[in-house]
Every structure is written in structure tokens, then in C-alpha cells.
Amino acid sequence: MFVSPRGRLAVLALSMLALLAAPTAAGAQTVVRVLLDWKLDAMAAPFLVAQDKGYFRAEGLDVSIEPGSGSRDTVAKLATGGFQFGVGDVNTLIRYRDENPGTDLSAVLMLQDAPPFAIIGRRSRGITAEPSSLVGKAIGASSADGAAAQWPVFRKLTKLEAGAARIETVGLAVREPMLASGELDGVFGSAVSTLVTLKSRGVPADDLIVLAMRDYGLELYGDAVIVQGAFAKSDPAAVKGFLRALTRGMRDVVAEPGAVVEAVLRRNDQARRDVEFERLALSLERIQLTPWVKEQGWGGIDRARFERAIDQIGSAFAFRTKPDVKDIFNDAFLPAAEERQVD
């Protein structure tokens with residue numbers, strides 16, 4: 001077929017435009033760094049799935065996910081602006097903002113509707129479901145752990161004296177080994193992750209007792225997605241897109257938890273399939289897919305409960321300025337309620 005010189009020039013021009021457009025489209029991806037509050041395990045599953053399945057990229061986001069070393073460290077690093085999003089205990093965020101006025105961070109999606117905070121003890125060391133059994137016992141506590149921070153509130157709820165237990169400061173890395181070896185009677189930790197880790201270390205399941213603080217009246221929430229304030233103001237569309245992608249990831253986690261564990265194993269060569277599957281299953285059952293979440297949808301909060309949670313924190317922590325719910329949790333970026341329904 002004959003093509004005129006003018007036609008050939010038009011085809012060449014269109015080809016050049018296509019070549020120029022390709023790097024422009026790639027460059028249009030907004031770079032986003034996410035800092036977790038702990039290592040890459042099953043608790044990070046929604047993030048990993050959203051990354052692997054291209055949900056973030058479909059929203060125009062180039063997302064990197066990095067392991068953390070505790071909620072307080074994550075919140076502090078977010079405050080410096082090095083990361084756009086973080087995963088951290090929302091109660092740590094509340095206290096950090098009060099201690100550092102002017103900190104521009106807010107939670108935008110609740111990952112854990114039920115608080116994971118617990119004291120995990122050994123029955124063979126005399127610990128039972130009765131809080132009074134903690135009297136005189138050696139309980140390991142890490143300053144980086146959110147559960148230990150709730151000890152004063154737990155004591156008030158259970159009417160334990162201030163010196164009821166011997167609280168021993170330990171590092172997160174040695175917490176479970178010390179309980180497994182018998183150096184401690186119990187530890188502060190997660191009703192999910194700490195329990196699963198202890199079992200994986202060979203502690204007999206029937207020797208472990210979990211005092212989940214929510215069972216004793218604790219109304220706090222757990223981990224949330226936290227956003228850096230300047231980023232949220234400069235690119236609200238990116239925040240909304242991030243939460244949409246993450247919600248799609250969560251729905252996949254609920255639908256296919258077994259397949260999701262593979263995303264963890266690809267990134268963590270020390271992870272074990274059976275351990276991570278149990279961690280994920282317990283997380284979904286005990287702290288994520290609560291009756292409230294199944295009815296109202298994943299990611300939001302009950303404001304009246306959040307207000308009561310702030311009051312509980314204030315019962316053991318003297319606020320400089322008592323926060324308002326809207327100062328801590330901003331639901332303006334959440335996907336529509338129907339998009340957040342999980343089965």
C-alpha cells in the first residue's frame with residue numbers, strides 16, 4: 001500500500017509520541033514508602049498481597065514495604081517525614097502526639113478492631129485466667145511493645161496493686177526465648193503473634209494461658225495505618241488510592257488465606273508456612289474480623305468506643321491536652337462502606 005511522504009511523517013510523529021509517553025507514564029507513579037511496626041510476617045499480609053497483585057500500581061503508586069522495630073519507632077520515623085505511611089499501635093500514636101505537640105500524623109484505617117494486647121503466661125508457673133495469679137510473678141516487658149504500655153490500665157480494670165507483679169524489662173528479641181526457657185513466668189505481648197511464636201519454639205500449647213486484656217474490659221483499638229500529615233495534605237488522592245488498594249488486598253486475604261501465606265514466605269526466608277498460616281488465621285479470627293467489622297466493614301471505628309478508649313488511656317496517662325477522636329482518626333480517606341465489606 002502506498003503511503004505518502006506526509007503520511008509517513010505522521011506515522012513517525014505518532015511513534016515518537018508513543019515512545020515519549022512510555023517513560024512519562026512510568027514516571028507518573030507516586031513513590032510511597034511504608035514502614036511496618038515489625039517484621040514481614042502474616043500480620044502484613046494485606047500490604048503484601050496488594051503489592052504482589054498490582055493493586056497499588058493500579059492506583060498510580062509505586063509502593064515499597066519495609067520491616068519495623070516497634071510501634072513507637074515507626075511513629076517517630078513517620079514524624080520525621082521519611083515515610084508516607086506506617087503501621088503502628090494507635091494508642092502509641094495518641095500518646096506520642098500528646099508528648100510531641102504539633103506532630104502531624106493521623107490514623108486513616110484501623111487494621112485491628114480488637115486490641116491484641118495480652119499477658120501470656122505458663123500454667124506450670126502458676127498463672128491462670130485470674131489476674132490475681134499474676135501477683136509476685138516475673139513478667140517480661142519490652143518498651144517497644146504496646147501491650148506493656150497498657151499494664152497500668154489493665155491493673156485498674158482488674159483492681160491489681162501497682163506492685164502486684166515483678167515487671168522485668170527485656171528486649172523484644174529475647175522475650176519469647178526467656179519465657180520458653182523458664183526465666184520468666186509470663187510476658188506482655190500479642191494474643192496472636194506472641195502466642196504463635198511461643199508454640200513454634202516448642203512451649204506446649206496446653207501450658208500457655210493468654211490473658212487477653214479486652215476480655216477484662218480494655219476498649220482500646222490495635223494497629224492502624226498512619227499517614228504523614230504533609231503527604232496527606234499534598235496528595236489526598238494518593239492516600240485514598242492506597243487505602244483502596246489495601247482494602248482489595250484484605251478482601252483477598254479473607255478469601256484465600258492459604259495462598260496469601262506464600263507472599264510472606266517469598267520475602268522472609270526464616271518464616272515457616274505452618275506458623276504463618278496459624279498467625280494469619282488467629283489474627284483474622286481474634287483481632288480483625290470482629291462482629292463489628294463484619295457488620296460495619298473493615299477499617300473504620302466506632303467513635304463512642306474510641307472516646308471511651310481515650311478515657312481509659314487517660315486513666316493511667318496524664319494528657320497534656322486530652323485529644324479529640326477527629327485529631328487521631330481521620331476517616332475522610334476510607335473507601336466507601338460497601339467496598340470495605342468482608343466475609
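Of all residues in region 240-266, which are in a loop (DSSP other than H, G, I, E, B) and closer than 23 Å to residue 59 by Cα?
Matches in region 240-266: 256 only.
Under the condition of being among the aliphatic types (A, V, I, L, M) and not in a strand (DSSP E or B), which residue from region 72-109 is surrounded by the fewest Cβ atoms within 10 Å (Cβ to Cβ)?
76
Among (1) buried (at least 19 other Cβ atoms within 10 Å of the Cβ); (2) within 16 Å of the chain's Cα centre (by Cα); (3) not basic (Lys, Arg), which single condition is residue 281 missing?
With (1) buried (at least 19 other Cβ atoms within 10 Å of the Cβ); (2) within 16 Å of the chain's Cα centre (by Cα); (3) not basic (Lys, Arg) applied to residue 281, the lone miss is (1).
Considering 146, 163, 186, which residue is modelled with pLDDT under 95 and under 20 Å from residue 130 (Cβ atoms)?
Residue meeting the stated conditions: 163.
Just name the residue that is farthest from residue 341 (Cα to Cα) out of those in region 226-236 that are in contact (Cβ under 8 Å) with a residue 12 or more places away in the chain and part of a helix (DSSP H, G or I).
Checking each candidate, the answer is 230.
Name the single residue, out of those in region 227-261 being among the charged types (D, E, K, R) and within 17 Å of residue 55 (Cα to Cα), that is surrounded by the fewest Cβ atoms within 10 Å (Cβ to Cβ).
So the residue we want is 256.
Which members of region 302-343 meet the condition of being in a helix (DSSP H, G or I), free of Cβ contacts under 8 Å to residues at least 24 places away in the same chain and over 30 Å from residue 254 (Cα atoms)?
Matches in region 302-343: 311, 314.
The values are calculated or read from the model by the stated rules, or taken from the named source; none is laboratory data. From a predicted model like this one, the values you see are computed outputs, not experimental measurements. Methodologically, a virtual Cβ is constructed for each residue, glycine included, from the backbone with ideal geometry; neighbour enumeration extends over all protein chains shown.
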